[in-house]
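Just below is one structure, and these are the notes that go with it.
The values are calculated or read from the model by the stated rules, or taken from the named source; none is laboratory data. If you're wondering where the values come from, they're calculated on a predicted model, not measured in any experiment. When we count neighbours, we look across all protein chains shown, and the Cβ atoms used for this are built from the backbone with ideal geometry, even at glycine. Remember, those area values only see protein heavy atoms, side chains included, never the ligands or the DNA or RNA. Shrake-Rupley method; radii C 1.70, N 1.55, O 1.52, S 1.80 Å.
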Amino acid sequence: AGPGAGGGGGGEGVEAPPEATAPPTQAPPPEQVEEEEDEEEEDEEDEEDEEDEDDVDDEDEPDAEAYRGVPPAGVVEGLMMMLTSPDATEKAKAAAALCNICSETDSNRELVVHAGGLPSLIDMLKHPSPEVPFMQSAAAACICNLAANINSKEVIATSGALEVLVKVLRSENQAAAAQAAGALWSLCVDNDMNKQRVADADAIPHLITLLHAPDTFAQSQSAGALSECSIRNDNNKRLISEHGAILPLVKMLRSQDLSVQRLSSCALCNVCANHEANKRQAREVGALPVLVHLLSSSQVPEVLSPVAGAICNLSMKCADNKAEFIRLGATDVLRHLVTSPIPSLHGNALAALEQLELG
């Protein structure tokens, strides 16, 4: 069995879509992990951390907390009107408030899209006010949460937002670039067409550039987007490795930031799944000892689970990687982790152990 929640089942499961929050508070989306085609592929599922949906806490921002869930009648409509205000600060505050309102419920997400909120958000991405530095970040984060609705992904991707988000990736505003990466990630969850659109828009090289950012949130968002883009897309796996993503992802495994550890592990797991050349490249740049070290030293199940998944995928149908993992002592650590009561960790550890113990 390949790695996944519980370690069993066929097909590729899909986790809840990623969600971001408006600035100044930033939070990474949850990851998906693609599994090897040992017989079939499936995803690892992790529960979202509650802090992943923190609200805007700037005292100058509107009190969106009061409106999470189902907002009172007229609130969304009022904020939509603010999006078209000539006052740049008012527009950005409205985007931040809508971002938070849309962080939990599909009904709010659909309402904003159907009521025509996208053009104003796209305009803020295209023409940010220099007097309101958080405008682009607020707009990108809002689009990220809107795209968490499965029914809106196609509408958003074909509205012109996707191409503009890619341009924001290249901007000097790193906070906005990080939120743009999160929005692209969100658009790709459970939508294979958008994964191809992201590649066609030349986003992959810019997402890889963001892996080198000094900001850990930017690193984690770009790793998450690359991880998602590679699921069920061999061409994207090739592009990701050819543009040099594997080495910085391996370096990110050594980060002190747990989200960076978690999402770089997921990206390596997915980028190397069913891809012989990427497995070889990961071994050549030193991924295997770093993964085993993290597997041995981390106490965090949300990190250990994708690390075990990566070990499973890297060793599957790859004798050289399998032998190296065994030499590094991964088998003993996995035997211990198999006893975990946490389904995702138990399942991925068991799947990795089965790969290493195959004859």
Once the whole set of protein chains is in place, how much accessible area is left on R254, using a 1.4 Å probe, in Å² to the nearest 10? 150 Å²
Per residue of the stretch 193-205, in order, report the coupling 6.51 cos²θ - 1.76 cosθ + 1.60 (Karplus, θ = phi - 60°) as ³J(HN,Hα) in whole Hz, putting x for Gly and Pro. 5, 5, 4, 6, 4, 4, 5, 5, 7, 6, 6, 4, x
The correct ranking of H243, H293, H346 by accessible area at 1.4 Å, largest first, is H293, H243, H346
Residue-wise, which Karplus ³J(HN,Hα) couplings in Hz belong to the stretch 270-281, taking 6.51 cos²θ - 1.76 cosθ + 1.60, θ = phi - 60°, and x for glycine or proline? 6, 5, 8, 5, 6, 9, 4, 5, 5, 4, 5, 4
Write down Rg/Rh for the stretch 256-359, rounded to two decimals, with Rg from the C-alpha atoms and Rh from the Kirkwood relation over Cα pairs. 0.92
Report ³J(HN,Hα) in whole Hz for each residue of the stretch 176-181, in order, from the Karplus equation J = 6.51 cos²θ - 1.76 cosθ + 1.60 where θ = phi - 60°; Gly and Pro get x. 5, 4, 5, 5, 5, 4
For the stretch 169-227, what are the per-bin percents of Cα-Cα distances with bins 10 Å wide, up to the bin holding the maximum? 27, 59, 14, 0
Show me the GluC sites (Glu not before Pro) within the stretch 91-188 that DSSP assigns to loop and that have at most 15 other Cβ atoms within 10 Å of their Cβ. E131, E172
Whole-Å distance linking the alpha carbon centroid of the stretch 233-270 with that of the stretch 319-344 is 20 Å
Given the protein chains as shown and a 1.4 Å probe, how many square angstrom of I326 are accessible, to the nearest 10? 80 Å²
Specify whether the C-alpha gyration tensor of the stretch 208-282 places it in the rounded, prolate or oblate class, a ≥ b ≥ c being the square roots of the eigenvalues: rounded for a/c under 1.5, otherwise prolate if a/b is larger than b/c and oblate if not. prolate
Could you name the lysines in cross-link range of K317, using Cα to Cα under 24 Å and dropping any fewer than eight places away on the same chain? K237, K279
